[in-house]
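The values are calculated or read from the model by the stated rules, or taken from the named source; none is laboratory data. Please read these numbers as outputs of a predicted model, since none were measured by experiment. Reconstructed Cβ throughout: ideal geometry from the backbone, glycine too, with neighbour counts over all protein chains shown. Note: accessible area is taken over every heavy atom of the protein model, side chains too, but ligands, DNA and RNA are not part of it. Shrake-Rupley method; radii C 1.70, N 1.55, O 1.52, S 1.80 Å.
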Amino acid sequence: MTIAKNPKRNSVSTSEEQVKAFISGAGQAAVAVEPEQNKKPIMIRVDPDMINRIDRAAKRLGISRSAFIVSSTAVRLESME
Amino acid sequence: MILAVGNVKGGVGKTTLAVNLTIALALSGRDVLLIDGDEQGTAVAFTELRTAQKNGKPGYTVVSLHGGAIRTQVRQLASKYADIVIDVGGRDTGSLRAALTVADIVLIPVQPRSFDLWGVDQTAELVKEAREINEGLRAISVLNAADSQGKDNEAAAEALREVEGVELALGFIVRRKAFPNAAAAGLSVLEHDDPKAIEELNRLTEMLFVHSNAIGAK
């Protein structure tokens, strides 16, 4: 077996976070991701710039891309219902 | 000293290392608190087994704590123990993050496999973020469950040396049957029969707790 370098390695700088925000950053991910057994995967096409914006926002909140999209959609849906 | 043993990737042997380091400290006469911050509760389960094996005296105290409580409790308990070892992670959790805000050192066990190595970058990123809160946090990776021979250990070490903000511990912890065999009996490898495993664990313990103390960690 050989050792491959991480193709995803990058040097994105992190923003200032308060202790609570830092700690709860993962907690939000856990809350959003835990009920995943019942979720269905979907494929959506997204503009690369939008993906970058989503990833930056998700990173700030300490949650995954998927969790960010789902939670943002949930907020939007609630406002419409 | 407050040592977090963590990695955002699971299955890297962090609980095994955490309990072995805890017992190493306890055997050297230090008063140690082991915090099980992993939802699987393996460190607590191990300690229950050990307590039964050792006639009610495991040699250290274990508590199960999660999320922000790890930070608040560690700050309260730090003065009551010589050392605190926190077993956290397996993924990016509030517990791992909380531990990073109070630890002197985070020890990141890494197996010499590509996927494990890639996970280190994510942990390193988290460490970098945590340093904005806990400025003095040192991050040390250790090659764990390393191969007994072959070139992968050195290749992995080379990759680990490139990770920004994370030091690499000297030497490897080789995958040896002594670790699971000792654990199954509620023991550390120091209380078992493999001299090589004992030597490797002792070297890591000394590096973390003797030399690090000498260079200024609390």
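May I have the convex hull volume per residue, in Å³, for the Cα set of the protein assembly as shown? Before the final figure, lay out the partial values.
Values: hull volume 46.7 nm³, N = 299.
With only Cα atoms used, the protein assembly as shown gives 156 Å³ per residue.
Run the helix sum for the protein assembly as shown: -39,500 (n - 2.57) per DSSP H stretch of 4+ residues, divided by residue count, reported at 222 nm to the nearest 500 deg cm²/dmol.
Values: 11 runs with 135 residues, N = 299.
Computed ellipticity for the protein assembly as shown at 222 nm equals -14000 deg cm²/dmol.
Per-residue Cβ counts within 10 Å, from other chains only, averaged over B:106-113: what number is that? The partial results should precede the final answer.
Working: counts 0, 0, 0, 0, 0, 0, 2, 3.
Mean inter-chain Cβ contacts per residue within 10 Å come to 1.
How would you order B:44-54, B:79-89 from highest to lowest mean count of nearby Cβ atoms within 10 Å?
Working: B:44-54: 17.0, B:79-89: 23.0.
In decreasing order of mean packing, B:44-54, B:79-89 become B:79-89, B:44-54.
If I take all pairs of Cα atoms in chain B, what percentage of them are more than 26 Å from each other?
Details: 6529 of 23653 pairs.
Here the tail beyond 26 Å accounts for 28 percent of pairs.
Provide the buried accessible surface between chains B and A in square angstrom, both chains summed, 1.4 Å probe, rounded to the nearest 100.
Working: alone 10030 and 7700 Å², together 15480 Å².
Counting protein atoms only, the buried area is about 2300 Å².
Please calculate how many Å² of accessible area chain B carries per residue, with a 1.4 Å probe and no DNA, RNA or ligand atoms counted. Provide the component values of the computation, followed by the final result.
Working: 8950 Å² over 218 residues.
Averaged over the residues of chain B, the accessible area is 41 Å².
Under a crude label model (7 Å from the Cα following the beta-carbon direction), how far is B:K54 from A:D49 in nanometres?
6.1 nm
How much length, in nm to one decimal, is gained on full extension between A:R76 and A:R60, taken as 0.36 nm per residue of separation minus their Cα-Cα distance? Before the final figure, lay out the partial values.
Working: separation 16, 0.36 × 16 = 5.76 nm, distance 1.98 nm.
My answer for the length gained is 3.8 nm.
Once you have the alpha carbon radius of gyration of segment B:156-195, what is it after dividing by 2.2 N^0.38 Å, with N set to its residue count? Please report the intermediate quantities before stating the final value.
Working: Rg = 14.2 Å, N = 40, 2.2 N^0.38 = 8.9 Å.
Working it through for segment B:156-195, the quotient is 1.59.
Which of rounded, prolate, oblate describes segment B:48-95, given a ≥ b ≥ c as roots of the alpha-carbon gyration tensor eigenvalues and a/c under 1.5 marking rounded, otherwise prolate only if a/b is larger than b/c?
Working: a/c = 2.94, a/b = 1.49, b/c = 1.98.
Verdict is oblate for segment B:48-95.
Going out from 0 in 10 Å bins, what whole percent of all Cα-Cα distances in segment B:126-195 drops into each bin?
Result returned by the calculation: 19, 33, 29, 19, 1.
Could you pull the accessible area for B:D31 with a 1.4 Å probe, rounded to 10 Å²?
80 Å²
If you roll a 1.4 Å probe over segment B:22-155 with all protein chains in place, what percent of the accessible area is carbon or sulfur? Don't skip to the end; give the middle numbers.
Details: 2520 of 5260 Å².
Result for segment B:22-155: 48 percent of the exposed heavy-atom area is carbon or sulfur.
Taking a quarter of the surface of the Cα convex hull of segment B:1-96, what do you get in nm²?
Approximately 5.5 nm², given one-decimal rounding.
Take each complete run of DSSP H in chain B, measure how far its Cα atoms stretch along the helix's own axis, and keep only those covering 18 Å or more with mean Kyte-Doolittle hydropathy at least -0.5; list them. Don't skip to the answer; put the middle values down first.
On the way: long enough: B:14-27 (19 Å, 1.41); B:114-130 (25 Å, -0.11).
Once both thresholds are applied, what remains is B:14-27, B:114-130.
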